[in-house]
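Beneath this line is the structure, given in C-alpha coordinates, with notes to follow.
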Amino acid sequence: MKKIFTVILLGFMLNSCGYYCYVSSIGSTPQSKSYYILPTNPNLEGDLEFEQYANMLVTALNRVGYKNTSKEQAGTIIYFDWQIENLSTETSSVPYTYNTYSSSTSTHWVSTPYGSYPQMTTTTTTTPHTSYMSFSEDYAPVAVHVIAVDKQTRKQIWKTTINDKLEYSKTTMKRLIPIMLYAGSQYFGATAEGRVTLFPSEVSNQGITWPYYY
(Lines give C-alpha, C1' and ligand atoms only; values in the text may rest on other atoms or scores of the structure.)
Protein backbone atom coordinates (compact mmCIF):
# COMPACT_ATOMS: atom_id res chain seq x y z
CA MET A 1 0.00 0.00 0.00
CA LYS A 2 2.84 2.40 0.85
CA LYS A 3 4.55 1.68 -2.50
CA ILE A 4 1.35 2.48 -4.43
CA PHE A 5 0.92 5.69 -2.46
CA THR A 6 4.51 6.72 -3.26
CA VAL A 7 4.02 6.12 -6.99
CA ILE A 8 0.81 8.18 -7.05
CA LEU A 9 2.37 11.00 -5.03
CA LEU A 10 5.52 11.17 -7.15
CA GLY A 11 3.46 11.10 -10.36
CA PHE A 12 1.35 13.98 -9.07
CA MET A 13 4.45 15.98 -8.12
CA LEU A 14 6.04 15.37 -11.51
CA ASN A 15 3.00 16.46 -13.49
CA SER A 16 2.54 19.51 -11.26
CA CYS A 17 6.14 20.70 -11.43
CA GLY A 18 7.01 19.60 -14.94
CA TYR A 19 10.52 18.97 -16.18
CA TYR A 20 13.32 21.44 -15.65
CA CYS A 21 17.02 21.76 -16.38
CA TYR A 22 19.61 24.52 -16.38
CA VAL A 23 21.03 26.00 -19.57
CA SER A 24 24.00 28.32 -20.06
CA SER A 25 24.90 29.67 -23.48
CA ILE A 26 27.25 32.23 -24.98
CA GLY A 27 27.77 33.48 -28.55
CA SER A 28 25.65 34.63 -31.48
CA THR A 29 23.72 33.18 -34.42
CA PRO A 30 25.92 32.50 -37.49
CA GLN A 31 25.09 33.77 -40.96
CA SER A 32 25.18 30.24 -42.32
CA LYS A 33 22.88 27.84 -40.53
CA SER A 34 23.98 24.84 -42.56
CA TYR A 35 25.81 22.43 -40.28
CA TYR A 36 27.41 19.05 -39.83
CA ILE A 37 27.75 17.27 -36.45
CA LEU A 38 31.00 15.82 -35.16
CA PRO A 39 31.92 14.39 -31.74
CA THR A 40 34.18 16.51 -29.55
CA ASN A 41 36.24 13.34 -29.07
CA PRO A 42 37.32 12.19 -32.57
CA ASN A 43 37.46 8.59 -31.33
CA LEU A 44 33.63 8.61 -31.06
CA GLU A 45 33.09 9.29 -34.76
CA GLY A 46 31.05 6.33 -36.02
CA ASP A 47 30.17 5.21 -32.46
CA LEU A 48 26.62 3.84 -32.36
CA GLU A 49 25.63 5.63 -29.15
CA PHE A 50 27.01 8.92 -30.45
CA GLU A 51 25.13 8.52 -33.74
CA GLN A 52 21.89 7.89 -31.83
CA TYR A 53 22.22 11.05 -29.73
CA ALA A 54 23.51 13.06 -32.71
CA ASN A 55 20.26 12.29 -34.54
CA MET A 56 18.38 13.72 -31.55
CA LEU A 57 20.52 16.87 -31.80
CA VAL A 58 19.68 17.13 -35.53
CA THR A 59 15.98 17.26 -34.60
CA ALA A 60 16.62 19.99 -31.99
CA LEU A 61 18.76 22.10 -34.35
CA ASN A 62 16.29 21.81 -37.21
CA ARG A 63 13.48 23.01 -34.95
CA VAL A 64 15.24 26.37 -34.55
CA GLY A 65 16.07 26.95 -38.21
CA TYR A 66 19.35 25.13 -38.75
CA LYS A 67 19.82 22.87 -41.78
CA ASN A 68 21.65 19.57 -41.62
CA THR A 69 23.87 18.99 -44.64
CA SER A 70 27.07 17.21 -45.70
CA LYS A 71 30.43 18.01 -44.17
CA GLU A 72 31.60 19.53 -47.44
CA GLN A 73 28.60 21.88 -47.80
CA ALA A 74 28.25 22.89 -44.13
CA GLY A 75 29.22 26.38 -43.08
CA THR A 76 29.20 25.41 -39.39
CA ILE A 77 30.56 22.37 -37.59
CA ILE A 78 28.58 21.41 -34.51
CA TYR A 79 30.67 19.60 -31.90
CA PHE A 80 28.65 17.52 -29.47
CA ASP A 81 29.39 15.56 -26.31
CA TRP A 82 27.89 14.62 -22.95
CA GLN A 83 29.33 13.80 -19.52
CA ILE A 84 27.89 11.71 -16.70
CA GLU A 85 29.36 12.36 -13.25
CA ASN A 86 29.74 9.90 -10.36
CA LEU A 87 26.68 8.11 -9.02
CA SER A 88 25.30 9.27 -5.67
CA THR A 89 22.29 8.39 -3.52
CA GLU A 90 19.79 10.97 -2.29
CA THR A 91 17.24 10.22 0.45
CA SER A 92 14.02 12.22 0.76
CA SER A 93 11.09 12.15 3.20
CA VAL A 94 7.49 12.76 2.10
CA PRO A 95 4.77 13.55 4.70
CA TYR A 96 1.35 11.96 4.38
CA THR A 97 -1.77 11.99 6.55
CA TYR A 98 -3.90 9.00 7.48
CA ASN A 99 -6.87 8.50 9.82
CA THR A 100 -7.36 6.01 12.65
CA TYR A 101 -10.77 5.10 14.01
CA SER A 102 -11.77 4.07 17.54
CA SER A 103 -15.14 3.34 19.05
CA SER A 104 -16.49 3.24 22.60
CA THR A 105 -19.79 2.01 23.99
CA SER A 106 -21.56 3.56 26.97
CA THR A 107 -24.77 2.56 28.76
CA HIS A 108 -27.30 4.90 30.25
CA TRP A 109 -30.78 4.40 31.69
CA VAL A 110 -33.89 5.67 30.00
CA SER A 111 -36.90 6.35 32.22
CA THR A 112 -40.49 5.72 31.07
CA PRO A 113 -43.82 5.86 32.86
CA TYR A 114 -43.59 2.08 33.24
CA GLY A 115 -40.05 1.90 34.58
CA SER A 116 -36.44 2.28 33.37
CA TYR A 117 -34.37 0.25 30.87
CA PRO A 118 -30.71 0.37 29.78
CA GLN A 119 -29.74 1.80 26.36
CA MET A 120 -26.28 1.42 24.76
CA THR A 121 -24.69 4.16 22.62
CA THR A 122 -21.62 3.64 20.41
CA THR A 123 -19.38 6.61 19.59
CA THR A 124 -16.80 6.55 16.76
CA THR A 125 -13.83 8.91 16.93
CA THR A 126 -11.58 9.81 13.95
CA THR A 127 -8.01 10.84 14.71
CA PRO A 128 -5.75 12.21 11.94
CA HIS A 129 -2.05 11.32 12.03
CA THR A 130 0.90 12.57 9.99
CA SER A 131 3.72 10.22 9.16
CA TYR A 132 6.76 10.34 6.88
CA MET A 133 7.76 8.00 4.11
CA SER A 134 11.43 7.89 3.13
CA PHE A 135 12.73 6.78 -0.24
CA SER A 136 16.17 6.75 -1.83
CA GLU A 137 17.12 7.64 -5.39
CA ASP A 138 20.34 6.93 -7.29
CA TYR A 139 21.27 9.75 -9.61
CA ALA A 140 24.20 11.24 -11.49
CA PRO A 141 24.65 14.78 -12.83
CA VAL A 142 24.58 14.99 -16.64
CA ALA A 143 26.04 17.79 -18.78
CA VAL A 144 25.46 18.12 -22.52
CA HIS A 145 27.74 20.39 -24.56
CA VAL A 146 26.84 21.72 -28.01
CA ILE A 147 29.49 23.93 -29.67
CA ALA A 148 29.16 25.68 -33.04
CA VAL A 149 32.44 26.39 -34.89
CA ASP A 150 32.91 28.32 -38.12
CA LYS A 151 34.24 25.81 -40.63
CA GLN A 152 36.49 28.31 -42.42
CA THR A 153 37.98 30.27 -39.50
CA ARG A 154 37.79 27.40 -36.94
CA LYS A 155 36.56 29.89 -34.34
CA GLN A 156 33.73 29.17 -31.92
CA ILE A 157 30.46 30.90 -32.83
CA TRP A 158 28.38 29.81 -29.86
CA LYS A 159 28.49 27.29 -27.05
CA THR A 160 25.57 25.86 -25.06
CA THR A 161 25.73 23.68 -21.94
CA ILE A 162 22.66 21.89 -20.56
CA ASN A 163 22.70 20.44 -17.03
CA ASP A 164 20.33 17.91 -15.49
CA LYS A 165 20.55 14.75 -13.43
CA LEU A 166 19.96 11.16 -14.45
CA GLU A 167 17.60 9.45 -11.98
CA TYR A 168 18.22 5.80 -12.66
CA SER A 169 14.94 4.38 -11.39
CA LYS A 170 12.87 6.88 -13.39
CA THR A 171 14.54 7.37 -16.75
CA THR A 172 17.43 6.54 -19.09
CA MET A 173 19.86 8.63 -21.12
CA LYS A 174 17.97 7.70 -24.28
CA ARG A 175 14.80 9.29 -22.88
CA LEU A 176 16.55 12.22 -21.18
CA ILE A 177 18.72 13.53 -24.04
CA PRO A 178 15.84 14.59 -26.38
CA ILE A 179 14.16 16.80 -23.78
CA MET A 180 17.50 18.26 -22.66
CA LEU A 181 18.33 19.21 -26.25
CA TYR A 182 14.84 20.63 -26.81
CA ALA A 183 15.14 22.72 -23.64
CA GLY A 184 18.55 24.00 -24.71
CA SER A 185 17.71 24.62 -28.36
CA GLN A 186 16.07 27.98 -27.65
CA TYR A 187 19.49 29.14 -26.39
CA PHE A 188 21.47 28.04 -29.48
CA GLY A 189 23.19 31.14 -30.85
CA ALA A 190 22.37 33.34 -27.84
CA THR A 191 24.11 34.67 -24.75
CA ALA A 192 21.88 33.81 -21.81
CA GLU A 193 21.43 31.38 -18.96
CA GLY A 194 18.64 30.18 -16.72
CA ARG A 195 16.29 27.43 -15.69
CA VAL A 196 14.06 26.01 -18.42
CA THR A 197 10.76 24.39 -17.35
CA LEU A 198 8.71 22.18 -19.68
CA PHE A 199 5.36 20.45 -19.17
CA PRO A 200 4.03 17.19 -20.63
CA SER A 201 1.64 18.91 -23.07
CA GLU A 202 4.41 21.03 -24.60
CA VAL A 203 6.76 18.07 -24.88
CA SER A 204 4.19 15.80 -26.53
CA ASN A 205 3.36 18.53 -29.06
CA GLN A 206 7.00 18.36 -30.15
CA GLY A 207 6.90 14.60 -30.56
CA ILE A 208 9.09 13.99 -27.50
CA THR A 209 8.32 11.11 -25.14
CA TRP A 210 7.99 12.28 -21.55
CA PRO A 211 11.34 11.18 -20.05
CA TYR A 212 10.10 9.78 -16.72
CA TYR A 213 8.32 6.51 -16.04
CA TYR A 214 7.45 4.45 -12.96
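Amide H of K165: which non-local residues (sequence gap of 5 or more, or other chain) have their own amide H closer than 5 Å, using H built in the peptide plane?
Placed amide hydrogens put V142 under 5 Å from K165.
What base-10 log of the normalised intensity I(q)/I(0) is obtained for the stretch 118-214 from the Debye formula, alpha carbons as equal point scatterers, at q = 0.17, 0.23 Å⁻¹?
Result of the Debye calculation: -0.90, -1.23.
How many angstrom lie between the Cα centre of the stretch 45-105 and the Cα centre of the stretch 158-214?
Measuring centre to centre over Cα atoms gives 5 Å.
With only alpha-carbon pairs counted, each pair once and no self-pairs, how large is the Kirkwood hydrodynamic radius of the stretch 162-201 in angstroms?
Computed over the stretch 162-201, the radius equals 11.4 Å.
Using only the Cα atoms, work out Rg/Rh for the stretch 115-172, with Rh taken as the Kirkwood radius, to two decimals.
1.72
Roughly speaking, to the nearest percent, how much of the stretch 50-207's 1.4 Å accessible area is carbon and sulfur?
48 percent
Estimate the FRET efficiency between Q152 and K174 by the formula 1/(1 + (r/R0)^6), using the beta-carbon distance for r and 35 Å for R0, to the nearest 0.05.
0.50
Anything in the chain that counts as a DSSP H helix reaching 15 Å or more along its axis (C-alpha) with Kyte-Doolittle mean of at least 1.0? List them, would you?
Membrane-span-like by this rule: 2-17.
Compute the FRET efficiency between A143 and E72 as 1/(1 + (r/R0)^6), taking r as their Cβ-Cβ distance and R0 = 25 Å, and round to the nearest 0.05.
Computed FRET efficiency for A143 and E72 comes out at 0.20.
Between E137, E51, E90, which gets the highest mean-square fluctuation from a Gaussian network model of the chain, Cα cutoff 10 Å?
Judging by the Gaussian network model, the answer is E90.
If you average 1/r across every pair of different Cα atoms in the chain and take the reciprocal, what Kirkwood value do you get, in Å?
About 21.2 Å, per the Kirkwood formula over Cα pairs.
The values are calculated or read from the model by the stated rules, or taken from the named source; none is laboratory data. Here the structure is a predicted model, which means the values were calculated and not measured. Please note: Cβ atoms are built from the backbone with ideal geometry, for glycine as well, and neighbour counts cover all protein chains shown. What goes into the accessible areas is simple: the full protein's heavy atoms, side chains included, and nothing from ligands, DNA or RNA. Shrake-Rupley method; radii C 1.70, N 1.55, O 1.52, S 1.80 Å.
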